[in-house]
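Structure record follows, encoded as structure tokens.
Just so it is clear, none of the values below were taken in a lab; they were calculated from the coordinates. On a predicted model such as this, the values are computed, not experimentally measured, just so you know. Cβ placement follows ideal geometry from the backbone for every residue including glycine, while neighbour counts extend to all protein chains displayed.
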Amino acid sequence: MKHLFTLLMSLSLFACVEVKIDDLNSFVVETKAKVYPINDKIPTLKKIDALVFTQEEGRDPFSKPKAEVAEVVKNAPKSCPQPNFERKKQSLEMYSLENIKMRGTLSINEELWALVQVSGGEIHKVRPGYYLGLNYGKVLKVSKNKIDLLELASDSNGCWQERVTQIELLSE
């Protein structure tokens, strides 16, 4: 009871105190009286010509890309290197080397295999003796950071020239 009486007395004393809020009222009046400039200049938009996509002009962007095919010259002189046209092509020979990326290596029975990714996102494993690329590329060697290929590229005479190409490991 004693505490209740003390509480009521202190509240009644604070109710009698006069609070000066003149500075607050003057600030509100001054702020409302200020005029802020409004920029009515609307920027002009550049006209953009929309391009209309038609099926005749390009491939459908929602379909898978078609496999690329290398041109075969069969009536070539026999004195230069020739690819084996009778050999059945492997699945990685449908892709150009630009669409094949080395992603890592794998050791199976102490033999080093390379992991390659094609443009569709599929991962394949290759080892020496496998073929990949459009130019009859035969895998010569697989190391930790690259694949060595022996490719056969045809020239204008129908002769085939051997060249060594490398696919290096991508680090992302």
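A few comments on the model shown:
- Amide hydrogen neighbours beyond the local backbone of L134, cut-off 5 Å, H modeled: L97
- With R₀ fixed at 30 Å, the C-beta to C-beta distance from N109 to F85 puts the FRET efficiency at about 0.40.
- Unsatisfied cross-links (Cα-Cα over 20 Å) in the set K101/K138; K64/K101; K64/K138; K89/K125; K64/K88: K64/K138; K64/K88
- Global form of the stretch 117-168, assessed from the alpha-carbon gyration tensor, a/c cut-off 1.5: prolate
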